[in-house]
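A short write-up of the structure that comes next.
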Amino acid sequence: MMKQLILGDAKQELAGTRRILERLPNEQMMWKPHGKSMTLGGLTTHLINLVNWQVAIFLHSELDLSAVPQRREALGTREEVLEEFDANVAKLEKLLDECEEDKLAEEWTLRSGDHIILRQPRAMAFRTFGLSHMIHHRAQLGVYLRLLDIPLPGLYGPSADEQGK
């Protein structure tokens, strides 16, 4: 039962994330709403990295952020973003499909060197560190797109841009 809930939740959120990524304007990938903000391309690249981290939750018993490069070069086009996102989602969905129920209950650790950030069952880590984290940055991306006056897709019902369609 737990696996069915996780699979359904993940597939819905990943599909919603892809619908947002499909709206990326290639000509605005270097734009950012504030000096302290990531660029549009940087934010979308971070979303892709989050899917990689979701994969890591199922491949390893822990993730040490001190061993992960801090920033990677931002992808420059919508096509590059979608290609990498789709490849990462395919890996993740395969791992989710193959995952046994008992593996979801195993302890998983997120650390930065010796500092433990969280230690919880894999299913909870996937939901909090994986999906919720992705949803948070997807919402940021929605704000970026709104500021650029790009119509947003509905995620949990019609968006303001889809009203009356």
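Between ASP86 and GLU106, the simple spin-label model (points 7 angstrom out along Cα→Cβ) gives 3.1 nm.
Please say if the range 1-53 is rounded, prolate or oblate, where rounded means a/c under 1.5 for a ≥ b ≥ c the square roots of the C-alpha gyration tensor eigenvalues, and otherwise the choice is prolate for a/b larger than b/c and oblate otherwise? Prolate.
Using the Cα gyration tensor of the range 1-119, with a ≥ b ≥ c the square roots of its eigenvalues, what is the shape: rounded (a/c below 1.5), prolate (a/b larger than b/c) or oblate (neither)?
oblate
Farthest towards the positive end of the charge dipole of the range 71-130, among the residues ASN88, THR77, PHE129, is the Cα of PHE129, using unit charges on the Cβ of Lys, Arg, Asp and Glu.
Among ILE57, ALA10, PRO33, whose Cα projects farthest towards the positive end of the dipole of the range 10-67, with charges put on the beta-carbon of Lys, Arg (+1) and Asp, Glu (-1)? Ranked along the dipole, the leading option is PRO33.
Pull out a ≥ b ≥ c, the square roots of the eigenvalues of the alpha-carbon gyration tensor of the range 53-165, then state rounded if a/c is under 1.5, prolate if not and a/b is larger than b/c, and oblate in the remaining case.
Cα axes put the range 53-165 in the prolate bin.
Seen against the Cα atoms of the chain and their longest principal axis, helix 2-21 is set at about 20 degrees.
On a full-extension model of 0.36 nm per residue, what is the gain between ALA139 and THR39, subtracting their alpha-carbon distance, rounded to one decimal in nm?
Here the segment from ALA139 to THR39 would lengthen by 34.5 nm.
Remark: the range 29-147 carries 51 Å² of accessible area per residue (probe radius 1.4 Å; ligands, DNA and RNA excluded). Note on the chain: antiparallel DSSP beta bridges, both residues inside, total approximately 65 percent of the bridges counted. Taking each DSSP H run with n ≥ 4 as -39500 (n - 2.57) and averaging over every residue of the chain yields -16500 deg cm²/dmol at 222 nm.
The magnitude of the dipole of the range 37-165, with charges of +1 and -1 set on the Cβ of Lys/Arg and Asp/Glu and taken from the Cα centre, is near 440 debye.
Could you please state how large a percent of the accessible area of the range 1-79 is carbon and sulfur, counting protein chains only and using a 1.4 Å probe?
Here it works out to 54 percent.
For the pair LEU65 and TYR156, label points projected 7 Å from Cα toward Cβ lie 2.5 nm apart.
The values are calculated or read from the model by the stated rules, or taken from the named source; none is laboratory data. Since the model is a prediction, treat every value here as computed from it, not as a measurement. Neighbour counts are summed over all protein chains in view; Cβ atoms, including those assigned to glycine, are modelled from backbone coordinates with ideal geometry. We work out accessible area using only protein heavy atoms, side chains counted, and drop any ligands, DNA or RNA first. Shrake-Rupley method; radii C 1.70, N 1.55, O 1.52, S 1.80 Å.
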